[in-house]
Amino acid sequence: MISCPVCKQKLMLNFTMLVGSLVVCPKCGTDLRIVSRDPDRVEAVPEEETLNAEGKPESYA
Ligand SMILES: [Zn+2]
């Protein structure tokens, strides 16, 4: 069991989720990256990373 680093919402990670996977906090909507399993740890993804991924769809063309 982990807690969202932003809002402290308790989160359950699926066991198939690996380090580096992204999850979204269901409470505050923050993108979280799994940085460790056993013990489970997540960190908030910097906002500019999510903007790069979602806000510039042509950047990879
Ligand atoms: Zn949260």
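Rule-based calculations on the coordinates, nothing more; no lab input. Remember, predicted model here, so these are calculated numbers, not experimental data. Counting neighbours? That spans all protein chains shown, and the Cβs are built from the backbone with ideal geometry, glycine included.
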Q: Return the long-range amide H neighbours of VAL42 (sequence gap of 5 or more, or a different chain), with a cut-off of under 5 Å between placed amide H atoms.
A: VAL35
Q. What percent do you get for the relative contact order of region 2-54 when only Cα pairs under 8 Å and 6+ apart count?
A. 28
Q. Among residues other than THR30 whose Cβ falls under 13 Å from its Cβ, what is the net charge (Lys/Arg +1, Asp/Glu -1)?
A. -1
Q. Near the amide H of ILE2, under 5 Å away, which other amide H atoms are found, from residues 5 or more places off or on another chain, if H is placed in the peptide plane?
A. LEU11, LEU13
